[in-house]
Structure formats: C-alpha cells, structure tokens
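J.: Just passing along the structure, written as structure tokens.
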Amino acid sequence: MIQRIAELKDRQVVCVKDGMILGFVGDIELDTENGRLSSIIIYGKAKAFGLFGREDDLVIPWENIEIIGEETILVNCSI
C-alpha cells in the first residue's frame, strides 16, 4: 500500500496492549540516508490552554508500529 505523508497526519494512534488512545500523529521522522520512515511523533497535550507549554512529545519508533489502517494506527507501547 502506498500512502502520502499528509494522509498519516492527524491519524489516531492506539496502543494494542490496552486499547488506550495515545493521541494523533502530529509529525514523522525520516531517515534521509536510507529513505525510510523512522518514527511517528504525537505532540504533547497543552497545559492550561497552552499558557504553560505542553507535555513532552511521544516518539514511537517504526519497529513498534503494528498496523496502519485507514483511520487508526495500532502500536505496541509500554507507557
């Protein structure tokens, strides 16, 4: 299956171990030497409407991605 990067953005990410919704894809990391996707990034939640910054971003390595569906990405996580 071929997909565009823009199609991955804002897709819901769910942990397969417990069904917890981790958030939505905000960005990706590419390995430019090998031309491969290395990880997806879920932006941290805003603290107090963004006035106090936000929580740390969650970086999920490619090896932990189980399935990329049409609306959801299932990942193996240990959070």
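J.: So Val14 passes all but one of these: (1) modelled with pLDDT of 95 or more; (2) in contact with a helix residue (DSSP H, G or I) (Cβ under 7 Å, 6 or more places away or on another chain). Which condition number does it fail?
T.: (2)
J.: Sort out which residues of region 4-20 are over 12 Å from Glu71 (Cβ atoms) and open to solvent by 60 Å² or more (accessible area, probe 1.4 Å), and write them in order of number. Outline the logic, then answer.
T.: We begin by selecting, within region 4-20, every residue over 12 Å from Glu71 (Cβ atoms); these are 4-6, 9, 15-20.
Arg4, Ile5, Ala6, Lys9, Val16, Lys17, Asp18, Met20, listed by residue number.
J.: Same structure again: Within region 62-79, count every residue that is surrounded by 12 or more Cβ atoms within 10 Å (Cβ to Cβ) and under 12 Å from Gln12 (Cα atoms).
T.: Of the residues in region 62-79, 5 are surrounded by 12 or more Cβ atoms within 10 Å (Cβ to Cβ) and under 12 Å from Gln12 (Cα atoms).
J.: Limited to region 29-43, what total is found for residues that are closer than 11 Å to Arg11 by Cβ and open to solvent by 20 Å² or more (accessible area, probe 1.4 Å)?
T.: Qualifying residue count for the region: 0.
J.: Residues to consider are Glu33, Glu66; find the one that is part of a loop (DSSP other than H, G, I, E, B), over 9 Å from the mean Cα position of the chain (by Cα) and modelled with pLDDT of 90 or more.
T.: Glu33
J.: Of the residues Val25, Val59, only one is open to solvent by 70 Å² or more (accessible area, probe 1.4 Å) and among the β-branched types (Val, Ile, Thr); which? Walk me through it before giving the result.
T.: Numbers: Val25 fails: open to solvent by 70 Å² or more (accessible area, probe 1.4 Å).
Just one listed residue meets the conditions, Val59.
The values are calculated or read from the model by the stated rules, or taken from the named source; none is laboratory data. Bear in mind that the values here come from a model prediction, so they are computed numbers and not experimental data. Note that each Cβ is placed from the backbone with ideal geometry, even for glycine, and that neighbours are counted across all protein chains shown. These accessible areas exclude ligands, DNA and RNA; they are computed on the full protein's heavy atoms, side chains included. Shrake-Rupley method; radii C 1.70, N 1.55, O 1.52, S 1.80 Å.
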